[in-house]
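Data block below; observations after.
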Amino acid sequence: MKDRLLIIDDNSAVRATLKLLLSDEFEEVEAVENPAMIATLSSPGSYDAVLLDMNFDNGRLDCSDGLFWLERLKSLPAPPAIVVITAFGDVEIAVKAMKLGAEDFVTKPWDNDQLIEKLKKAISKNRQIRQYKEAAQKALKLEEAENERLGLTLDEVKMRHVRSVIASCGGNLSAAAQQLGVNRQTLYNLLKK
């Protein structure tokens, strides 16, 4: 599978260095200086990973620009893996970035091998998540189609699911209630209907 990487950094020397380093490890590497250019790229959601600088040339070094663009990238329909990079980061910024969906955090100056490893790991993890989501969506569509074919009502679908969980728990209603996320009395009430 072809790995596509996008580097977003406002420092031309950093962009050139990263592109030179990472071109040996990834099949396609693009580099842009301004995150607003993401919209002009052919299909920003088709990148496997984005290496995103956290500060851009606006005089502030609080990483707010990077956090803003991280959120925008993660809101794409099929978001890429994002590894953030900064010379002015601290633990608090790293935690904020991870909470917003960054797969990893790198400080400048970086260790080449560590950076490559983090990017490859982030791509692998992101691919697994994408595959899981695609499989879950396919399963949901199949289930919806089957329910429609059978002409089941929502209550009938719910009861089928409840019975299936009870069967998978070997008839243990306490375990089934726990797996369904309801209390035992609620499960009894469902079964009485």
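For Ala87 and Ala175, the difference between the fully extended length at 0.36 nm per residue and the C-alpha to C-alpha distance is 26.6 nm. For the chain, the carbon plus sulfur part of the accessible surface works out to 53%, probe radius 1.4 Å. Going by the alpha-carbon gyration tensor, a ≥ b ≥ c the square roots of its eigenvalues, is the stretch 91-148 rounded (a/c under 1.5) or, if a/c is not under 1.5, prolate (a/b greater than b/c) versus oblate? Oblate, since a/c reaches 1.5 and b/c is not below a/b. Straight-line reach from Lys120: taking Cα to Cα under 14 Å and skipping same-chain neighbours fewer than 8 places apart, the aspartates and glutamates in range are Asp3, Asp24, Glu25, Glu27, Glu28, Asp48, Glu103, Asp104. Placing dummy labels 7 Å off each Cα toward the beta-carbon, the span from Asn147 to Tyr132 is 2.2 nm. If R₀ is 41 angstrom, what is the calculated FRET efficiency for the pair Ser164 and Glu25, using the beta carbon separation as r and rounding to 0.05? For Ser164 and Glu25, the calculated efficiency is 0.35. Shape of the stretch 112-193 from its Cα gyration tensor (a ≥ b ≥ c, root eigenvalues): rounded if a/c is under 1.5, otherwise prolate when a/b > b/c, or oblate? Since a/c reaches 1.5 but b/c is at least a/b, the shape of the stretch 112-193 is classed as oblate. Partner aspartates and glutamates whose Cα lies under 16 Å from the Cα of Lys193, excluding those fewer than 8 positions away in the same chain, are identified as Asp155, Glu156. In summary, the lysines within cross-link reach of Lys96, defined as a Cα separation below 19 angstrom excluding same-chain residues under 8 places away, comprise Lys74, Lys108, Lys118. Normalised by the number of residues in the chain, the mean separation of alpha-carbon contacts (under 8 Å, six or more apart) gives a relative contact order of 14 percent. What shape does the stretch 51-123 take by its C-alpha gyration tensor, where a ≥ b ≥ c are the square roots of the eigenvalues and a/c under 1.5 counts as rounded, a/b above b/c as prolate, and the rest as oblate? In terms of gyration-tensor shape, oblate. On a per residue basis, the convex hull of the C-alpha atoms belonging to the stretch 26-157 measures out at 150 Å³. Taking a sphere under 15 Å around the Cβ of Val91 and counting the other residues whose Cβ falls inside, with K and R at +1 and D and E at -1, yields a net charge of -2.
The values are calculated or read from the model by the stated rules, or taken from the named source; none is laboratory data. What you are looking at is a predicted structure, and each value in this text was computed from that prediction instead of being measured. Note that we place each Cβ from the backbone using ideal geometry, even for glycine, and neighbour counts take in every protein chain shown. We work out accessible area using only protein heavy atoms, side chains counted, and drop any ligands, DNA or RNA first. Shrake-Rupley method; radii C 1.70, N 1.55, O 1.52, S 1.80 Å.
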